[in-house]
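See below for the structure under consideration.
The values are calculated or read from the model by the stated rules, or taken from the named source; none is laboratory data. Everything quoted here is computed from the prediction, not taken from an experiment. Here the Cβ positions follow ideal geometry from the backbone for every residue, glycine too, while neighbour counts run over all protein chains shown. In case anyone asks, the SASA skips ligands and DNA or RNA and just uses the protein heavy atoms, side chains included. Shrake-Rupley method; radii C 1.70, N 1.55, O 1.52, S 1.80 Å.
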Amino acid sequence: MFAKRTNWNLAPNRLSEALATHRAAGKPLLDLTVSNPTECGFNYDGSAILNALSNPAALSYEPNPRGLESARRAVAGYYADRNEDVSAEDIFLTTSTSEAYSYIFRTLCDPGDELLIPSPSYPLFDFLADIQDVSLVRYPLDYFKRDRKAVNDHGWQIDFHALEQAITPRTRGVIVVHPNNPTGHFAKRAEIAKLNSICSAREMAIIADEVFLDFALEENRPASFAANRGALTFTLSGLSKISGLPQMKAAWLIVGGPQPWKSEALARLEVIADTYLSVNAPVQLAIPKFLEQQHAFQKQVISRVRRNLAELDRQLATQKACSRLTVEGGWCAVLRVPATRADEDLAVELLTSQGVSVHPGHFYDFSAGEYLVVSLITPEETFAEGVRRILSNF
Ligand SMILES: Cc1ncc(COP(=O)(O)O)c(C=O)c1O
């Protein structure tokens, strides 16, 4: 009766079963996997947010496939503040970056066409691709540890040799998560130049997911792909992370790159977007005000991420078994732990014996069983105690 694309194995994994049992028993939990910013104790300007939703202009319907111009201008303003030149005409509003992905996948791919995705990266891609009949092919991000002479870890880099080897005649584009979730790796200038040359030479697109772009830990703001001109580029972002408002379902995609590809992509996307017209009027009208919330929200998040990282480093310095990988940005840290058992077994054990919830690395496609992923937006006391219990396990 059902389409093969929905033949998912929906049985809960051992960790989610253990978590459900733990919660049902009412046991206390130190949750180091939190990613919903509205549940992490950040302060929001509640009245500004709710007032923004009661604009009388929402009483009339002005359908526009790209979304209301006032909202798109505000989004263009967000990029202008970063010195990135983006025209409101190149922006499409969507209800989430997931929806933006689906528009792009539909614009680029016939069933069975391929897109390259980074590995490790976050797990939602598999479902998005299945739903759109797209095949995902992984390209590795390699981690280079500090050598004895170097001052800093070399961190993450795209393995371009493997990326090029993964390209087939069916490859339509390369997805870049900038910075990546959970590695926190930003694509560097040289990497962007190389991606441009690979993609433009083979008539492939770049799809850049920048939901965490503003959460860089270094002082120098990394450039956005939104003004990239070297290849057909789709840049995705939204208010879930920028202003910590995932419940408002306000996101966008931006089309950039050389003609005639850019005009062709805009025209095709316009038909898809016009078919759905999915973003509601009150939210579109509120986008300028929601964007204003970014400064207060990001300040709190960045200071919590820095404090949690400092606490993590303080505790790591007291032992030798575990370490963490370099973090350039984003909301996660990757811990390297002794590979004495499968990472899922370890996560289940941490839950049952320590009451701590973490993500095993394989959720994010880490191959070896020696990684755990923890959320750096976890409230600080919970984070510090959770880390203490994780480290006490080794
Ligand atoms: C890299 C990345 N992209 C996109 C999303 C989803 O964003 P949205 O709420 O706009 O669909 C997430 C959610 O965590 C994410 O980690």
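For this structure, a couple of remarks:
- Of all residues in the range 180-234 being part of a strand (DSSP E or B) and among the β-branched types (Val, Ile, Thr), the one that is farthest from the chain's Cα centre (by Cα): THR233
- For the range 93-105, the candidate set comprises residues that are surrounded by 18 or more Cβ atoms within 10 Å (Cβ to Cβ) and among the β-branched types (Val, Ile, Thr); within that set, the residue that is farthest from the ligand (Cβ to nearest atom) is ILE104.
- Qualifying residue in the range 106-120 (condition: part of a strand (DSSP E or B), open to solvent by 10 Å² or more (accessible area, probe 1.4 Å) and either closer than 25 Å to GLN293 by Cβ or among the small types (Gly, Ala, Ser) (or both)): yes
- Checking each residue in the range 155-175 for being open to solvent by 10 Å² or more (accessible area, probe 1.4 Å) and either in a strand (DSSP E or B) or among the basic types (Lys, Arg) (or both) picks out TRP156, GLN157, ILE158, ARG170, ARG172.
- For the range 257-279, a residue qualifies if it is surrounded by 15 or more Cβ atoms within 10 Å (Cβ to Cβ) and in a loop (DSSP other than H, G, I, E, B), and the qualifying residues are GLY257, VAL279.
- Going through (1) surrounded by fewer than 18 Cβ atoms within 10 Å (Cβ to Cβ); (2) within 16 Å of the ligand (Cβ to nearest atom); (3) small (Gly, Ala, Ser) one by one, GLY184 falls short only on (1).
- Close pairs (9 angstrom Cβ cut-off, 6 or more residues apart or separate chains): assigned to a helix (DSSP H, G or I) and open to solvent by 20 Å² or more (accessible area, probe 1.4 Å) in the range 239-250, within 8 Å of the ligand (Cβ to nearest atom) and of a type in the set (Lys, Arg) anywhere: SER240/LYS249
- Scanning the range 335-354 for residues that are outside any helix (DSSP H, G or I) and open to solvent by 10 Å² or more (accessible area, probe 1.4 Å) gives ARG336, PRO338, ALA339, THR340, ARG341, ALA342.
- Selection count, the range 128-145, where residues are open to solvent by 40 Å² or more (accessible area, probe 1.4 Å) and under 22 Å from TRP331 (Cα atoms): 5
- For GLN294, the criteria (1) at negative phi; (2) buried (at least 21 other Cβ atoms within 10 Å of the Cβ) hold in every case but one, which is (2).
- Lone qualifier among LEU108, LEU141 - being within 16 Å of the ligand (Cβ to nearest atom) and not small (Gly, Ala, Ser): LEU141
- Identity of the residue in the range 218-238, of a type in the set (Gly, Ala, Ser) and more than 9 Å from the ligand (Cβ to nearest atom), that ends up surrounded by the most Cβ atoms within 10 Å (Cβ to Cβ): ALA226
- One residue alone among ILE254, ILE287 is within 19 Å of GLU89 (Cα to Cα), within 16 Å of the ligand (Cβ to nearest atom) and assigned to a helix (DSSP H, G or I), and that residue is ILE287.
- Candidates LEU59, LEU15, LEU50: the one that is of a type outside the set (Phe, Trp, Tyr) and within 13 Å of PHE290 (Cβ to Cβ) is LEU50.
- Test set (1) within 16 Å of the ligand (Cβ to nearest atom); (2) at positive phi; (3) touching a Gly at 6+ places or on another chain (Cβ under 8 Å) - GLY244 fails condition number: (3)
- Contacts under 7 angstrom Cβ, first residue in the range 75-96 being in a helix (DSSP H, G or I), partner within 16 Å of the ligand (Cβ to nearest atom) and among the aromatic types (Phe, Trp, Tyr), 6 or more apart: VAL75/TRP252
- Considering only residues in the range 111-136 that are free of Cβ contacts under 8 Å to residues at least 40 places away in the same chain and near the ligand (Cβ under 10 Å from one of its atoms), the one that is farthest from PRO360 (Cα to Cα) turns out to be LEU128.
- Residue list for the range 51-75, filter: over 21 Å from ILE272 (Cβ atoms) and surrounded by 19 or more Cβ atoms within 10 Å (Cβ to Cβ): ALA52, ALA74
- Candidate set: the range 302-334, residues that are part of a helix (DSSP H, G or I) and among the aliphatic types (A, V, I, L, M); chosen: the one most open to solvent (accessible area, probe 1.4 Å): ALA310
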